[in-house]
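Visitor: Take this structure first; my questions come after.
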Amino acid sequence: MLVGRDLTESELEYFLDLGMGPDTEPPIVRVPVINLEEALEPEDERIHPDATGLAEMLFREAYYDLRVEPLQHVSLLSDVRGEDPPKGRVEEVLSELGLSRHPLSGPWVQGYESDEGIIEVRWLGGKGLQLITASDDKGWVSKTGKELRSRLPVALI
């Protein structure tokens, strides 16, 4: 079921995957629909898991638009080294840095906040990791990014 269209990537559309069964919240998948001429099968490589459900997708978009984007300084860290740190380790490091997890965070997207800045954690498809740090204090973004790079297998993008 179509639930959205990515206006920055005009070929992507978001769908609820209703094929998961009645006891499971339907996950969100994104599909490039330009030149899509045949029906997709569930295993099709063009279908990318995007969120565990509609609530998580809406949290991710709202959190970024309302909390991250208004801040002056933003940086992106990613697990480009090919390692996938355990979620518990990421949570431990962020907690030690004085950040608290937002209560509406989901399994694949979490918001962490402190008085100095925020970090949005994205587990891409439940696997790969991205950390978006944001603050009005450029020094906090730089210092936090260095600390994250020293303690987690992430690099500045």
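The values are calculated or read from the model by the stated rules, or taken from the named source; none is laboratory data. These numbers come from a predicted model, not from an experiment. So basically every Cβ, Gly included, is an ideal-geometry build from the backbone, and we count neighbours across all protein chains shown. Accessible surface is based on the protein model in full, side chains and every heavy atom, while ligands, DNA and RNA are left aside. Shrake-Rupley method; radii C 1.70, N 1.55, O 1.52, S 1.80 Å.
Visitor: Checking the conditions here, which among Gly82, Gly88, Gly139 is open to solvent by 10 Å² or more (accessible area, probe 1.4 Å), part of a helix (DSSP H, G or I) and modelled with pLDDT under 95?
Guide: Just one listed residue meets the conditions, Gly88.
Visitor: Count, please, the residues in segment 98-117 that happen to be touching a residue at least 24 places away in the same chain (Cβ under 8 Å), over 15 Å from Thr52 (Cα atoms) and crowded, with 20+ Cβ neighbours inside 10 Å.
Guide: Looking only at that region, the number is 2.
Visitor: Has segment 118-132 got at least one residue that is open to solvent by less than 80 Å² (accessible area, probe 1.4 Å) and over 25 Å from Tyr14 (Cβ atoms)?
Guide: no
Visitor: Residues being aromatic (Phe, Trp, Tyr) and farther than 13 Å from Lys87 by Cα: count how many of those fall in segment 98-125.
Guide: 1
Visitor: Test of understanding: among Leu66, Leu77, which residue is at pLDDT 80 or above and within 12 Å of the chain's Cα centre (by Cα)? Full working, then the answer.
Guide: Details: Leu66 fails: within 12 Å of the chain's Cα centre (by Cα).
Among Leu66, Leu77, only Leu77 is at pLDDT 80 or above and within 12 Å of the chain's Cα centre (by Cα).
Visitor: Hey, Ile47 hits all of (1) surrounded by fewer than 16 Cβ atoms within 10 Å (Cβ to Cβ); (2) modelled with pLDDT under 95 but one; which does it fall short on?
Guide: (1)
Visitor: Does segment 66-109 hold any residues that are under 18 Å from Val141 (Cα atoms) and among the polar types (S, T, N, Q), and which are they?
Guide: Gln72, Ser75, Ser78, Ser95, Ser100
Visitor: Report the residue count in segment 142-157 for those that are open to solvent by 80 Å² or more (accessible area, probe 1.4 Å), within 18 Å of Glu113 (Cα to Cα) and either part of a loop (DSSP other than H, G, I, E, B) or β-branched (Val, Ile, Thr) (or both). Lay out the reasoning, then the answer.
Guide: Taking segment 142-157 as the starting set, the residues that turn out to be open to solvent by 80 Å² or more (accessible area, probe 1.4 Å) are 143, 146, 150, 156-157.
Those still in the list that are within 18 Å of Glu113 (Cα to Cα) too: 143, 146.
Keeping just the survivors that are either part of a loop (DSSP other than H, G, I, E, B) or β-branched (Val, Ile, Thr) (or both) gives none.
Looking only at that region, the number is 0.
Visitor: Quick one: Gly111 ticks every box in (1) of a type in the set (Gly, Ala, Ser); (2) in a strand (DSSP E or B); (3) more than 14 Å from the chain's Cα centre (by Cα) bar one, so which box is it?
Guide: Every listed condition holds for Gly111 apart from (3).
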